[in-house]
Every structure is written in structure tokens, then in C-alpha cells.
Amino acid sequence: MHRANAAPRCSAKSKRSGKPCRDPAVRGWAVCRMHGAGGSAKPGYAHPNWKHGGRSGETVELRKLVNAPGRESRNVVDSME
């Protein structure tokens, strides 16, 4: 039981009281399981909230590349008038 009590503690603090969390930190993390240790979701299609990808970074960049020539041609036409 001594080893369990000697474990490093979570570094998170309460917003309300300002006191630190007293739970043991997960091995390799500075916080406990309740405060986000190992809890990040995978990006992109594997993320649980993934809908369709229409606003993903890759799609937005591709849309910019596809629309750039049309924008440039409109600017040229507008400058000629």
C-alpha cells in the first residue's frame, strides 16, 4: 500500500476551490484518468464525431486550389472594365 500512496499525483486543479486533484496520475502522464490521461481521440475518419469531412483541412485546401483560377479570371475581367 505504501507504493500506491507514494505514486505521483494529478496536476489538475479545481476551478471552484483551487485545490489540486488528489488522485494518482496515470503512468507516463501528469494527470489522472478523470482529467484526460490518454483520452485523445484519433483525428479524421476515426474520430467519433466525424460527419463527412467536407470541412476537413485537406478538403478546404483542395477547394482553394480548385477555385483559385476562377477567382483570378474574375479579377482580370473586373480590372479590364
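Per-peptide packing, taken as the mean over residues of other Cβ atoms within 10 Å, places 69-81, 17-29 in the sequence 17-29, 69-81 from highest down. Modelled spin-label separation between ARG63 and ALA4, with each label point placed 7 Å from Cα along the Cα-to-Cβ direction: 5.3 nm.
FRET efficiency for the pair ASP23 and HIS47, taken as 1/(1 + (r/R0)^6) with r the Cβ-Cβ distance and R0 = 22 Å, rounds to 0.25. Compute the helix-to-body angle for 57-80: its Cα long axis versus the longest principal axis of the chain, expressed 0 to 90° and rounded to tens. That helix lies at roughly 30 degrees to the long axis. For the chain, the fraction of C-alpha pairs farther apart than 19 angstrom is 66 percent.
Ordering GLY18, TYR45, ALA30 by the projection of their Cα atoms onto the charge dipole of the chain, which places +1 on the Cβ of Lys and Arg and -1 on the Cβ of Asp and Glu, puts GLY18 at the extreme positive end. Per-residue Cβ neighbour counts within 10 Å put ARG16, ARG33 in the sequence ARG16, ARG33, beginning with the fewest.
Per residue, the convex hull around the alpha carbon atoms of segment 40-81 comes to 74 Å³.
Values in this text are rule-based calculations from the coordinates and carry no lab data. In this text, all values refer to a predicted model and were calculated from it rather than measured experimentally. Every residue, glycine among them, receives a Cβ derived from its backbone with ideal geometry; neighbour counts consider all protein chains shown.
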